[in-house]
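The structure appears below as structure tokens.
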Amino acid sequence: AILPSPVWAALPTSASFAVQNGSASVSTLGSVATISTSDRAVLQWGAGNFVIAAGEAYNFQMPAGGAVLNRVGTSAASDTATIAGQIDSNGRVFILAPGGSINVHQGATVTATGGLVLSTLNEDNGSFLTSGNLVLIPGAAGNGSINIGTPNPLVPAATAAPIFTSTANQGRPIWLTA
């Protein structure tokens with residue numbers, strides 16, 4: 001499926017998310033938002049705030065070997081993360097939209113040294129804060145969806161892994177790795 005590029009996006013500000021763990025700051029230059037975080041920072045993005053429009057980039061910067069957990073919305077089916085531009089990172093980037101959807105549009109690119117994980121499952125933060133890894137559990141709102149445009153923009157990023165539940169799979173996680 002070819003998903004149209006969003007045109008409504010604005011680069012994030014510090015008001016776009018709440019820091020639930022660690023520290024984070026945002027600076028912008030042109031169409032690039034640099035989000036500098038401490039290792040294992042947890043960012044709670046407001047509903048509709050995680051939108052990377054075509055021509056825009058989110059550059060996640062953290063200590064070497066670090067990770068950042070981005071939670072999108074409030075575990076509602078209407079919560080959506082949209083990636084039509086570029087994600088760059090010097091560490092691991094996790095994007096969770098429990099019970100919602102994640103849309104990766106045609107033309108989106110990812111350069112994440114430690115990898116990118118997209119999921120509509122949930123995580124209680126405990127294992128992430130302890131080890132920097134996720135233990136995923138079904139979202140409170142039920143199944144979500146991950147929509148990836150064609151041609152698949154994640155294929156060049158060998159470490160991208162969308163993870164979600166599906167009613168066709170009776171709620172068990174499906175692991176897709178490009």
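The values are calculated or read from the model by the stated rules, or taken from the named source; none is laboratory data. Here the structure is a predicted model, which is why all the values come from computation and not from measurement. Note that we place each Cβ from the backbone using ideal geometry, even for glycine, and neighbour counts take in every protein chain shown. Calculation scope for accessible area: heavy atoms of the full protein, side chains included, ligands and nucleic acids excluded. Shrake-Rupley method; radii C 1.70, N 1.55, O 1.52, S 1.80 Å.
Structure above, values below:
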read-out: Scan of segment 67-76 for residues that are buried (at least 22 other Cβ atoms within 10 Å of the Cβ) and either in contact (Cβ under 8 Å) with a residue 60 or more places away in the chain or more than 17 Å from residue 36 (Cα to Cα) (or both), ordered by number; value: 67, 69, 72, 73
read-out: Hey, residue 60 at pLDDT 95 or above and buried (at least 17 other Cβ atoms within 10 Å of the Cβ) or not; value: yes
read-out: Subset of segment 37-47 that is of a type outside the set (A, V, I, L, M) and open to solvent by 50 Å² or more (accessible area, probe 1.4 Å) - its residue that is farthest from residue 122 (Cα to Cα); value: 39
read-out: Residue count, segment 104-117 (criterion: within 17 Å of residue 149 (Cα to Cα) and open to solvent by less than 30 Å² (accessible area, probe 1.4 Å)); value: 6
read-out: Which numbered condition residue 23 misses (of (1) more than 15 Å from residue 128 (Cβ to Cβ); (2) modelled with pLDDT under 95); value: (2)
read-out: Single residue of 124, 88, 79 found to be acidic (Asp, Glu) and open to solvent by less than 30 Å² (accessible area, probe 1.4 Å); value: 79
read-out: Total residues in segment 91-103, condition open to solvent by 10 Å² or more (accessible area, probe 1.4 Å) and either in contact with an Asp or Glu (Cβ under 9 Å, 6 or more places away or on another chain) or closer than 19 Å to residue 129 by Cβ (or both); value: 3
